[in-house]
Amino acid sequence: MKLEPVDGIPGAVLGTPKVYGDSRGSFMEIFREDLLGVPFVQANHSRSSKGVLRGLHYHRQQADAWYVIAGEAQAMLADLRTRGATPVVRSVDLAAGHPQVLYIPPGVAHGFLATTDVDLIYWVTHYYDSTDEFGVAWDDPVLQAPWRIEDPILSERDVKNPRLEWSSIPAWS
């Protein structure tokens with residue numbers, strides 16, 4: 001797998017697997033612990049309709065690795081690890097037709113927009129813990145995330161995500 005850093009966000013990595021194909025189909029490794037250096041303990045499957053935006057969410061301890069198995073998504077990352085700084089925000093396109101794995105370290109807010117109906121598998125480094133779940137508004141004026149939508153479909157939880165307030169951002173461990 002070829003690993004490339006996400007520009008401006010230390011620790012965030014985009015991995016492109018080598019695809020082995022023949023007349024029967026194809027095979028690829030989409031995760032190797034020895035490449036990312038972190039153990040994952042749980043895998044989840046998110047299915048979203050076109051226009052759904054999930055996020056932005058972040059964790060003190062949990063890292064994520066995302067892989068789109070069907071459809072296309074615009075992933076958004078915002079590095080919240082340096083208190084008081086203007087966060088670096090990056091958009092990454094993920095598509096089943098161009099397989100890639102996006103690794104998101106703790107302290108980096110993340111979300112995605114389903115630009116088509118999308119199925120996303122993601123692995124996490126810690127079991128679900130509601131005390132390690134935080135959010136920031138998808139349309140926060142400080143972040144100025146370049147989403148490709150003006151009126152997304154949001155969950156009740158994501159509608160309530162607060163604006164970025166450094167005083168409420170936890171310390172990273």
Problem set entry | Number of positions in the stretch 60-99 that are surrounded by fewer than 21 Cβ atoms within 10 Å (Cβ to Cβ), in contact with a helix residue (DSSP H, G or I) (Cβ under 8 Å, 6 or more places away or on another chain) and of a type in the set (A, V, I, L, M, F, W, C) | 0
Exercise. Are any residues in the stretch 78-114 among the charged types (D, E, K, R) and either out of contact with any Leu (no Cβ under 9 Å at 6 or more places or on another chain) or under 20 Å from Ala171 (Cα atoms) (or both), and if so, which ones?
Worked result: Asp79, Arg81, Arg83, Asp93
Problem set entry | Spans of strands (runs of 3 or more DSSP E) in the stretch 100-173 with at least 2 residues over 23 Å from Thr82 (Cβ atoms) | 108-114, 118-124
Problem set entry | Unique residue being over 22 Å from Pro106 (Cβ atoms) and out of contact with any Phe, Trp or Tyr (no Cβ under 8 Å at 6 or more places or on another chain) when the list is Gly8, Gly71 | Gly71
Exercise. In this structure, does Asp119 turn out to be within 14 Å of the chain's Cα centre (by Cα) and charged (D, E, K, R)?
Worked result: yes
Exercise. Out of all the residues in the stretch 23-41, which are under 21 Å from Tyr128 (Cα atoms) and either touching a strand residue (DSSP E or B) at 6+ places or on another chain (Cβ under 9 Å) or small (Gly, Ala, Ser) (or both)?
Worked result: Phe31, Leu36, Gly37, Val38, Phe40, Val41
Seminar exercise, completed: Among the residues of the stretch 10-28, the number that are within 22 Å of Val118 (Cβ to Cβ) and surrounded by 12 or more Cβ atoms within 10 Å (Cβ to Cβ) is 7
Problem set entry | Search result, residues across the stretch 12-39 that are part of a loop (DSSP other than H, G, I, E, B) and either modelled with pLDDT of 95 or more or of a type in the set (D, E, K, R) (or both) | Ala12, Lys18, Ser23, Arg24, Glu29, Arg32
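Taking the condition of being more than 29 Å from Ser167 (Cα to Cα) and either among the aliphatic types (A, V, I, L, M) or assigned to a strand (DSSP E or B) (or both), how many residues in the stretch 67-99 meet it?
So the count comes out to 11.
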Problem set entry | Matching option when the condition is closer than 22 Å to Ala65 by Cβ and either at pLDDT below 95 or crowded, with 16+ Cβ neighbours inside 10 Å (or both), among Leu143, Leu102 | Leu102
Seminar exercise, completed: Only one of Leu94, Leu53, Leu36 is without any contact (Cβ under 8 Å) to a residue 40 or more places away in the chain and hydrophobic (A, V, I, L, M, F, W, C), namely Leu94
Seminar exercise, completed: Within the stretch 109-140, the residues that are surrounded by fewer than 18 Cβ atoms within 10 Å (Cβ to Cβ), among the acidic types (Asp, Glu) and touching a strand residue (DSSP E or B) at 6+ places or on another chain (Cβ under 8 Å) are Asp117, Asp119, Glu133
Problem set entry | Residues (of a type outside the set (Val, Ile, Thr) and not in a strand (DSSP E or B)) located in the stretch 40-52 | Phe40, Ser49, Lys50, Gly51
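The values are calculated or read from the model by the stated rules, or taken from the named source; none is laboratory data. Computed from a predicted structure; not experimentally measured. Here Cβ is always computed from backbone atoms with ideal geometry, including for glycine, and neighbour counts include all displayed protein chains.
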